[in-house]
Amino acid sequence: MSTASSTAPLARSHSAGPTSVPLIEQTIGAHFDAVVAAQPEHEALVSVHQGRRYTYRALQQEANRLASALLRLGLSPGDRVGIWSHNNAEWVLMQLATAKAGLVLVNINPAYRTSEVEYALNKVGCRLLVTMARFKTSDYLGMLRELAPEWATGQPGRLQAKQLPHLRTVVWIDGPGDAADLDTAGLLRFSELLAQGDAADPRVAGLAGTLRATDPINIQFTSGTTGFPKGATLTHRNILNNGFFIGECMKLTPADRLCIPVPLYHCFGMVLGNLACFTHGATVVYPNDGFDPLTVLQTVQDERCTGLHGVPTMFIAELDHPRFAEFDLSTLRTGIMAGSPCPIEVMKRVVSDMHMREVTIAYGMTETSPVSCQSSTDTPLDRRVSTVGVVQPHLEVKVIDPESGQTVAPGASGELCTRGYSVMHGYWDDEAKTREAIDADGWMHTGDLATMDAEGYVNIVGRIKDMVIRGGENIYPREIEEFLYRHPAVQDVQVVGVPDTRYGEELCAWIVVKPGQTLTEATVREFCQGRIAHYKVPRHIRFVDGFPMTVTGKIQKFRIREAMKEELGLTESRTA
């Protein structure tokens with residue numbers, strides 16, 4: 001893939017990606033079948049924790065069988081089908097089967113509790129739900145029983161419940177060693193559902209000719225910090241092409257084996273992971289159902305993985321694991337670090353200590369399928385550790401003044417906007433919110449603050465809402481975080497603004513100290529003295545064991561801010 005550095009310097013912060021490689025105009029099912037035909041016996045999926053391995057042909061047959069079973073339940077193209085689960089083979093079978101049957105897969109966050117799952121299922125009208133029974137302290141079947149006690153006397157396929165009026169069928173993912181105390185009355189086992197299908201069902205093949213690449217195929221709920229989550233609706237064309245070009249950036253081939261410890265319910269797992277691999281005939285490897293650094297290290301070694309995905313907190317946990325040095329990670333070549341701002345020092349350690357010399361950085365959002373910008377494997381290291389790369393093929397990005405809407409000059413900060421095939425179909429059943437996010441010219445307004453240099457490399461400097469205004473000075477927390485990462489005792493750090501009666505806002509830093517190291521507020525301030533402007537030195541410093549975050553590893557800064565307001569007895573002083 002060509003990079004922006006091969007073009008003339010930009011006169012303004014606007015860049016368009018190359019178009020020499022055409023977009024894929026197939027559905028996910030049709031494209032997957034073409035890959036299967038080319039290499040049927042190549043390994044497609046390894047689910048380590050389940051002890052399962054599938055060739056491309058075997059995965060295709062199971063996906064076709066599942067698609068057949070879903071259709072035999074009376075589901076029709078366009079119907080919504082939810083999945084509430086951590087990573088497993090059943091998840092990817094649902095991803096492929098729903099695409100083949102023309103159903104809309106609704107990704108439900110495994111961290112959701114009763115009110116959240118009730119909202120999600122009802123917002124989009126899910127007719128069927130596939131769920132884990134339990135995971136650690138999460139009792140998924142118990143939560144559903146709480147919402148729908150009527151199911152105790154219900155029949156699979158004919159469920160009725162006042163609080164979940166659309167849902168007719170609930171399927172639970174069964175397996176060896178299932179607890180005998182599970183209350184499964186009225187529910188269907190996944191193995192039973194699969195057995196009801198026929199891998200050669202002519203209806204599945206017949207549907208293929210009626211489905212279009214522009215059909216909605218997936219709904220993902222955005223993890224907003226305020227209000228109810230919005231259902232970003234994505235098409236075959238959106239996520240299939242995004243997965244393909246992500247894989248192109250990584251130079252994936254059938255020889256690659258990608259370890260995916262990030263959640264499948266999020267775009268990182270299902271698009272940057274599954275679809276990037278499947279569009280290139282590579283092998284998907286799931287180390288576990290939930291993230292565990294030791295399992296990741298073991299899996300990379302045992303399965304000879306060439307790629308590894310993760311958010312920064314995952315890579316930090318792997319690098320700092322006490323047994324890290326025991327594992328042979330020499331097969332690693334590439335992977336993606338994304339999901340939240342990537343600390344430069346962590347990136348350097350990933351390259352040197354984990355052998356990921358071709359690791360890439362990806363930037364995006366659920367509403368853009370998700371990646372808009374990505375570094376390539378041959379992007380110079382200094383650019384890879386300091387930017388999120390350049391615009392992806394067939395897309396445009398620009399940086400605008402949030403007030404005037406005008407495109408800013410290279411190097412100036414503003415809101416990042418993106419346009420092209422990756423922009424979502426819209427928010428499900430919410431035209432008003434869709435119009436707020438996507439303007440009349442088709443630009444998706446990300447809400448992220450960015451700069452673009454003269455060669456088109458983009459750097460994310462923060463969220464518009466995260467920007468701190470202290471005494472009239474605009475401060476971007478990302479800058480302070482990158483500086484504090486340089487301290488040898490700092491493992492991780494997050495900076496937020498908190499209300500202040502004198503300056504309007506003051507900076508607060510939450511710091512995770514490296515094991516075996518010690519830090520005090522005084523030593524942190526001494527480290528800052530003379531190195532950064534006085535107004536950028538955090539007024540409040542706290543040492544913590546970790547940060548509040550979503551299941552995908554995104555730091556929830558609003559919760560840090562709220563905790564500090566409560567601790568310090570602060571109230572908001574800004575009204576605008």
What order do you get for 260-271, 282-293 when each peptide is scored by the mean count of other beta carbon atoms within 10 Å, highest first?
260-271, 282-293
By residue number, which cysteines of the chain lack any other Cys whose Cβ falls under 4.7 Å from their Cβ?
CYS126, CYS249, CYS267, CYS277, CYS342, CYS373, CYS417, CYS508, CYS528
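DSSP beta bridges in the chain, what fraction antiparallel, as a percent rounded to 5? Write out the running numbers ahead of the final one.
Numbers: 52 of 91 bridges.
Antiparallel bridges: around 55 percent, rounded to the nearest 5.
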Computed lengthening from ALA111 to ALA152, 0.36 nm per intervening residue step minus Cα-Cα distance
12.3 nm
Pairing the Cα long axis of helix 89-101 with the longest principal axis of the chain, what angle in degrees results, from 0 to 90 and rounded to the nearest 10?
70
What's the angle, to the nearest 10 degrees (0 to 90), between helix 293-302's Cα axis and the longest principal axis of the chain?
60
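What do you reckon, how do PHE190, PHE244 stack up by accessible area (1.4 Å probe), largest on top?
On the way: PHE190 10, PHE244 30 Å².
Sorted descending by solvent-accessible area, the residues read PHE244, PHE190.
Calculate, for the chain, the solvent-accessible area per residue in square angstrom, rolling a 1.4 angstrom probe over the heavy atoms of the protein chains.
Details: 22470 Å² over 576 residues.
Value returned for the chain: 39 Å² of accessible area per residue.
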Within the chain, helix-based [θ] at 222 nm, where runs of 4 or more DSSP H residues each add -39,500 (n - 2.57), nearest 500
-7500 deg cm²/dmol
With the dipole of the chain defined by +1 on each Lys or Arg Cβ and -1 on each Asp or Glu Cβ, the option from LEU59, ALA69, HIS280 whose Cα lies farthest towards the positive pole is ALA69
Taking amide H positions as placed in the peptide plane 1.01 Å from N, state which residues far from ASN218 in sequence (5 or more) or on other chains have amide H under 5 Å from it.
LEU105, LEU234
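Going from the alpha-carbon gyration tensor of region 30-137, what semi-axes, largest first and in whole Å, does one get by taking the root of 5 times each eigenvalue?
The answer is 26, 18, 10 Å, longest axis first.
DSSP beta bridges in region 54-144, what fraction antiparallel, as a percent rounded to 5? Let's see the in-between values first.
On the way: 2 of 11 bridges.
Close to 20 percent.
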Inter-probe distance in nm under a simple model that places probes 7 Å from Cα toward Cβ, at ILE344 and ASP139
5.0
Using alpha carbon centers only, region 324-400 is separated from region 5-84 by a whole-angstrom value of 22
Ranking TRP443, TRP510 from most to least accessible area with a 1.4 Å probe gives TRP510, TRP443
Need the list of lysines near LYS398 for cross-linking: C-alpha distance under 20 angstrom, and skip anything on the same chain fewer than eight residues off.
LYS465
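Rounding to the nearest 20 debye, state how big the charge dipole of region 351-437 is about its Cα centre with +1 on each Lys and Arg Cβ and -1 on each Asp and Glu Cβ. Walk me through the intermediate numbers first.
Values: 7 positive and 13 negative charges, 57 e Å.
So the dipole magnitude of region 351-437 works out to roughly 280 debye.
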For VAL493, which sequence-distant residues (separation of 5 or more, or a different chain) have an amide H within less than 5 Å of its own amide H, given hydrogens modelled in the peptide plane?
VAL512
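Rank-order 137-147, 44-54, 119-129 by packing density, defined as the average count of other C-beta atoms within 10 Å over each peptide's residues, highest first. Walk me through the numbers before you get to the answer.
Details: 137-147: 16.5, 44-54: 18.6, 119-129: 20.8.
Ranked by mean Cβ neighbours within 10 Å, highest first: 119-129, 44-54, 137-147.
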Give the value in nm², to one decimal: projected area of the alpha carbon convex hull of the chain, averaged over all directions.
26.4
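Sorted by packing (mean other beta-carbon atoms within 10 Å per residue), highest first, where do 32-38, 236-242 land?
Working: 32-38: 17.1, 236-242: 26.7.
Going from most to least packed, we get 236-242, 32-38.
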Roughly what % antiparallel, to the nearest 5, for the DSSP beta bridges in region 88-197?
20
Computed for the chain: size of charge dipole around the Cα centre, +1 on C-beta of each Lys and Arg, -1 on C-beta of each Asp and Glu, debye to nearest 20, value 280
Carbon/sulfur accessible area of the chain, % of total, 1.4 Å probe, equals 50
For GLN196, placing the label point 7 angstrom along Cα-to-beta-carbon and taking region 124-164, residues whose amide nitrogen sits under 15 Å are 127-131, 154-160
Between region 533-552 and region 126-172, how far is it from one alpha carbon centroid to the other, in angstrom?
39
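Quick one: order LYS230, LYS100, LYS162 from most to least accessible surface, probe 1.4 Å.
Order by accessible area, largest first: LYS162, LYS230, LYS100.
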C-alpha long axis of helix 236-249 to longest principal axis of the chain, angle in °
60
Below 29 Å, Cα to Cα, which lysines can LYS514 reach? Residues fewer than 8 away in the same chain don't count.
LYS136, LYS348, LYS536, LYS554, LYS557, LYS565
Between region 420-473 and region 284-315, how many Å separate their Cα centres?
31
Between GLY426 and residues 5 or more places away or on another chain, the pairs with built amide H atoms under 5 Å apart involve THR233
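Rounded to the nearest 0.05, what FRET efficiency do GLU41 and ARG531 give with R0 = 56 Å and r taken as the Cβ-Cβ distance? Could you check?
The pair GLU41/ARG531 has a calculated efficiency of 0.45.
The values are calculated or read from the model by the stated rules, or taken from the named source; none is laboratory data. Computed from a predicted model, the values in this text were never measured in an experiment. No Cβ is skipped: glycine too gets one built from the backbone with ideal geometry, and neighbour counts run over all protein chains shown. Ligands, DNA and RNA are stripped out before the accessible areas are found, and what is left, the full protein with its side chains, is counted by its heavy atoms. Shrake-Rupley method; radii C 1.70, N 1.55, O 1.52, S 1.80 Å.
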